[in-house]
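Worksheet for the structure shown next.
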Amino acid sequence: MQIHFNGPVTFHEEAGPCYFTFPALEETGLCRHAFSTRLGGVSRGQYASLSLSFFMGDEREAVYENFRRICGAIGVDEEKLVFGCQTHSANVRVVTAADAGKGILRQRDYTDVDGLVTNVPGLPLCTLYADCVPLLFLDPVKGVVGCSHAGWRGTAAAIGRRTVEVMQETYGSRPADILACIAPSIGPCCYEVDEPLRAAFSSIPDVSPEGLLQPKGEGKYMLNLWETNRRVLLAAGLLPEHITVAGICTCCHADIFHSHRATAGHRGSLAAIIALKE
């Protein structure tokens, strides 16, 4: 299969799972990471074929095999994966070696966690998606990675800024050193919202609402979550040149990605995975 996207991402389609990486992160040589597609797994039906959630109704054995495949492709240990417990919050958990395997081999002893950060090498963080915005972080100076799930609620609550704050508070990260990547997610071409969301996105602290919502008529707007999250990260102190936006809409490309909106919820899940190299 030949798939080509213009933009600051690399598409990997070797034998096995297909996934994206960001050259901005790869070039540091400090981390392993991926944002998955729906291609190259063993799931069937609406989950076909690379689905990465144990909670959507897919067979557990198939999901585990899918994780084994994508983790093997990027060189991380699937048995050490640490998952969030996503509820569209702006809560960020500091992950330690004691959390290894929570969400895949062990029960999670936490709830309401949409962001994860760690400085432990070889400990892969994982958050799940099907149109929401994945945010990947790397502080190459302090040796810290993070990933956060930014749906519209998390975006409006500035989870990107909260992730940066936790990196500062816990590890002494400087925002100016942090690299951030906004992975494929629903784009301004497809994300239609109504008046209550317009109000929520017009009042994010330190974020200009100008141009984020395009009126469509009859109280409907097209919302740009990519640009909103970019502005949230800028407000957190990141440098413009340290923020990479994939610019790929998951809803437009539902043949490549699991998309909640494109399938009316009949879908599997994508994953963002990142780990410091050992």
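In percent, how large is the relative contact order of the range 205-278, given Cα pairs closer than 8 Å and 6 or more residues apart?
Working: 48 pairs, mean separation 12.1, N = 74.
It comes to 16 percent, rounded to a whole number.
Multiplying the residue separation of Y64 and L105 by 0.36 nm and removing their Cα-Cα distance gives an extension gain of 13.8 nm.
Normalised by the number of residues in the chain, the mean separation of alpha-carbon contacts (under 8 Å, six or more apart) gives a relative contact order of 23 percent. Let me make sure I get this right: for the range 64-173, a, b and c are the square roots of the gyration tensor eigenvalues over alpha carbons, sorted descending. Under 1.5 in a/c it's rounded, otherwise prolate if a/b > b/c, else oblate. Which is it? Oblate. Gap in Å between the Cα centre of the range 185-211 and the Cα centre of the range 40-81? With the range 40-81 and the range 185-211 each reduced to a Cα centre, they are spaced 32 Å. Among residues other than E218 with Cβ under 11 Å from its Cβ, the summed charge is -1 (Lys and Arg +1, Asp and Glu -1). Placing R0 at 41 angstrom, the Cβ-Cβ distance between N6 and D112 gives a FRET efficiency of 0.65 after rounding to 0.05.
Annotation: aspartates and glutamates with alpha-carbon distance below 15 angstrom to K102 (same-chain offsets under eight excluded): D77, E78, E79, D112, D114.
Couplings 3J(HN,Hα) for the range 27-40, derived from phi with the Karplus relation 6.51 cos²θ - 1.76 cosθ + 1.60 (θ = phi - 60°), are 5, 6, x, 9, 9, 10, 7, 6, 10, 7, 10, 9, 10, x Hz, where x marks Gly and Pro. In the elastic network of the chain, a GNM with C-alpha springs shorter than 10 Å, the most mobile of V141, V207, V113 is V141.
Tell me the per residue accessible area of the chain using a 1.4 Å probe; a whole number in Å² is fine. Intermediate values should be presented prior to the final figure.
Working: 11050 Å² over 278 residues.
Value for the chain: 40 Å² per residue.
For the chain, excluding the exposed loop sites themselves (trypsin sites (Lys or Arg not before Pro), DSSP loop, at most 14 other Cβ atoms within 10 Å), the longest remaining stretch covers 45-276.
Exposed loop sites here mean chymotrypsin sites (Phe, Trp or Tyr not before Pro) with a DSSP loop assignment and at most 15 other beta-carbon atoms within 10 Å; the chain contains its longest site-free run at 111-278. Carbon and sulfur: what percent of the range 121-278's accessible surface (1.4 Å probe)? C and S fraction of accessible area: 50 percent.
Using only the Cα atoms of the range 146-275, build the gyration tensor, take square roots of its eigenvalues as a ≥ b ≥ c, and label the shape rounded, prolate or oblate: rounded if a/c is under 1.5, else prolate if a/b is larger than b/c, else oblate. Oblate shape, in that a/c is at least 1.5 and b/c is the bigger or equal ratio. Where in the range 43-71 is the amide nitrogen less than 19 Å from a point lying 7 Å along the Cα-to-Cβ axis of C252? No residue passes the distance filter.
The values are calculated or read from the model by the stated rules, or taken from the named source; none is laboratory data. These numbers come from a predicted model, not from an experiment. Virtual Cβ from ideal backbone geometry, glycine too; neighbours counted across all protein chains shown. Side chains included, ligands, DNA and RNA excluded: accessible areas come from the protein's heavy atoms. Shrake-Rupley method; radii C 1.70, N 1.55, O 1.52, S 1.80 Å.
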